[in-house]
1. List the DSSP H helices in the chain whose Cα atoms stretch 27 Å or more along the helix axis and whose mean Kyte-Doolittle hydropathy is at least 1.6.
2. Describe numerically, in nm with one decimal, the distance between label points set 7 Å from Cα along Cα→Cβ at Leu381 and at Glu359.
3. All other residues with a Cβ under 12 Å from the Cβ of Tyr230 taken together, and with Lys, Arg as +1 and Asp, Glu as -1, what is their net charge?
4. Tell me the label only: which of (1) 106, 66, 46; (2) 83, 45, 34; (3) 99, 59, 49 is Cα extents along the principal axes in Å as calculated from this structure?
5. So how far apart, in nm, are the two label points at Ala339 and Leu245 if each is 7 Å from Cα heading toward Cβ?
6. Considering amide H positions built from the backbone, and no H for Pro or chain starts, which residues 5 or more places from Phe195, or on another chain, come under 5 Å of its amide H?
7. For the stretch 390-457, what is the Kirkwood hydrodynamic radius in Å, using each pair of distinct C-alpha atoms?
8. Kirkwood hydrodynamic radius of the stretch 190-244 from all distinct Cα pairs, in Å?
Amino acid sequence: MDAVTLEALMTRDGSPSTTQRPRVRSLGTRLASALARLALAAWRRPAFAYGLLMALAVGRLGTTGGELLPGVPSTLVVTLAFFALALWQRRWTHAWSAWRACAAAFWLYTLVCLIESVSVLYRGGTPYLPFALGRWSFLAICVTTAAMAEDVDALRDMLSGNAYAAGIIGLLTVLHATRVLRLPFALSLMPARTFGPIHMPVPRTLGVAMSPDKFAMIAALTLVTIGLTYDQPLPVVRPRWVAALLALLAILACLIAQTRAVYISILFALALIVCFRLLARVRRPWFSGAAGAWAAVLLYALALVAANVAFSRWVPIEWLDTGTSSSIRNVEIRIEVNALALQMFRRWPWLGIGHDRFEPLTLDDNGIHNVFLEQMVATGLVGGVPYWLFHALILVAALRACGDRRPALAGLGRVLAPAVLVVYLTYQFFPGFLNTPFAVLSGLVAALARERRRATA
């Protein structure tokens with residue numbers, strides 16, 4: 001044996017060494033290790049992990065039906081996991097105190113859940129069951145969110161997690177639209193649209209298969225979070241260049257989605273950022289009192305109704321044309337469907353016609369693209385009024401937080417209030433049922449109301 005070989009077999013301290021084969025980690029081992037690190041991170045910063053995963057889980061993951069488990073929405077899987085974590089970490093007191101801080105809102109929504117559950121028997125059993133379960137799932141998400149947002153820092157962590165999720169979806173959207181990567185879980189590539197003289201240079205898509213309207217809610221919360229806190233002593237997303245990058249990616253994803261409702265929602269979010277930045281100079285805005293908040297809610301509701309009536313008359317045809325043969329007609333059909341829905345509501349005003357029955361009764365396959373109107377038509381005044389009041393109370397709570405004398409709480413109120421306003425605008429174009437982004441947002445508003453009560457006490 002020569003000296004070189006002998007030296008290679010010796011360690012630094014001179015002891016002999018045995019030849020070892022390089023360790024090759026299997027894909028399963030790496031995946032298990034990654035999941036273990038994620039679980040540890042979720043344990044240490046549960047609010048951030050919850051905000052991140054809930055926003056990502058809105059997209060369709062796993063099976064071809066869009067669920068991690070057959071028949072179970074991805075968001076519900078995440079909710080159940082973090083609800084179990086909340087019980088393990090004894091966070092249920094935070095959820096209960098948040099419920100008490102917004103008691104009227106959550107008891108009203110519980111009434112909605114009970115009405116939907118009773119309607120299962122009234123409407124004909126099993127086919128109606130998913131709608132009742134959807135309402136209870138919304139309430140479970142609200143409660144879990146309030147439990148995870150145990151204090152102001154956790155609330156900020158959750159907003160940060162949402163912002164990172166919007167950035168991830170934005171990055172995936174850019175990669176998928178430019179065909180750098182073909183993502184199997186992304187929204188299908190669709191032909192690019194034309195908006196007036198502008199022809200979009202990339203296909204219409206999203207980085208995950210989710211409704212563009214739901215992503216608009218996630219992106220709007222990201223934009224108002226960053227836009228209203230980036231120059232504060234403690235911005236929600238740090239450092240500032242990361243915040244700017246996440247906001248840019250969220251905007252790019254909205255642009256690539258090429259949906260008129262998304263564009264309107266994001267433009268409204270940007271306008272609200274300017275307005276609320278100006279209002280930040282006022283210590284107590286006029287809408288931060290009880291009477292002022294309710295006046296603002298009623299004025300906003302009237303503005304939404306007026307916009308629905310005037311949309312087809314005032315909006316230029318060029319804004320409705322997206323370069324396809326049916327683009328303008330598609331908007332006209334939705335306006336006609338909403339008018340038909342009002343006729344159905346007048347005919348069955350008390351108990352409504354039930355969810356998923358509008359199309360069979362009217363022989364129309366377009367559906368009602370307005371969440372509040374759909375609830376009124378489906379459940380009548382009995383289910384529609386408490387449903388509307390719940391949303392009104394959530395907005396009232398968010399607006400009142402804007403005038404809190406503590407800067408940290410007032411700043412969070414100025415983030416959540418415009419986000420709620422954007423969601424209600426998006427509801428005017430939205431046919432969805434279980435709206436996970438707003439369920440999380442409602443839980444955040446309740447958690448903020450709880451923190452205001454604690455600070456006052």
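Read-outs throughout are calculated quantities, based only on the coordinates presented, and are distinct from any laboratory measurement. These figures come from a predicted structure and were not determined experimentally. Because the Cβ atoms are built from the backbone with ideal geometry, glycine has one as well, and the counts that use them run over all protein chains shown.
1. Details: long enough: 103-123 (29 Å, 1.39); 129-148 (28 Å, 1.39); 152-177 (37 Å, 0.97); 260-279 (28 Å, 2.16); 290-314 (35 Å, 1.45); 327-347 (31 Å, 0.07); 371-401 (33 Å, 1.43); 407-426 (29 Å, 1.62); 436-456 (30 Å, 0.28).
Both cut-offs are met by 260-279, 407-426.
2. Simple spin-label model gives 3.0 nm for this pair.
3. Result for the neighbourhood of Tyr230: +2.
4. Correct label, based on the coordinates given: (3).
5. 5.1 nm
6. Hits under the 5 Å cutoff: Met200.
7. 12.3 Å
8. One over the average 1/r among Cα pairs gives 13.6 Å for the stretch 190-244.
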